[in-house]
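The values are calculated or read from the model by the stated rules, or taken from the named source; none is laboratory data. All values reported here derive from a predicted model rather than from experimental measurement. Please note: Cβ atoms are built from the backbone with ideal geometry, for glycine as well, and neighbour counts cover all protein chains shown. For the accessible areas, the whole protein counts, side chains as well, though only heavy atoms, and no ligand, DNA or RNA atoms are used. Shrake-Rupley method; radii C 1.70, N 1.55, O 1.52, S 1.80 Å.
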Amino acid sequence: VYTSNLQLGGPKVMFANGVSHHSVRHDLEGVSKMINWLAYIPECRGAPLPLTTLSRGDHVDRAIGVHPKDLPGEYDPRLLLQGMTKENGEWV
């Protein structure tokens with residue numbers, strides 16, 4: 001039995017390997033992250049999913065500018081969904 005995640009490597013290991021979805025600096029930031037996660041949960045069983053507006057003008061039909069072949073050998077797969085800034089400053 002472990003008394004804390006520090007015995008299993010701490011946040012640097014737990015977050016990097018996907019066990020944790022977020023790593024926060026303090027409790028208030030943690031509560032904020034939990035509230036944000038709960039915003040995606042229906043109000044009650046069988047209720048429709050809550051919809052949120054897309055941020056930064058991101059549209060569902062936007063062109064995909066990131067491709068795995070353009071990334072280094074090891075990369076964060078979340079970049080394929082969230083986009084990234086290239087070295088030249090271009091957002092893809």
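Among the criteria (1) open to solvent by 100 Å² or more (accessible area, probe 1.4 Å); (2) at pLDDT below 75, the one Leu49 does not fulfil is (2). A count restricted to the stretch 12-39 and to residues that are in a helix (DSSP H, G or I) and either modelled with pLDDT under 75 or touching a Pro at 6+ places or on another chain (Cβ under 9 Å) (or both) stands at 2. When residues in the stretch 2-11 are screened for being on the phi > 0 side of the Ramachandran plot and not in a helix (DSSP H, G or I), 1 of them pass.
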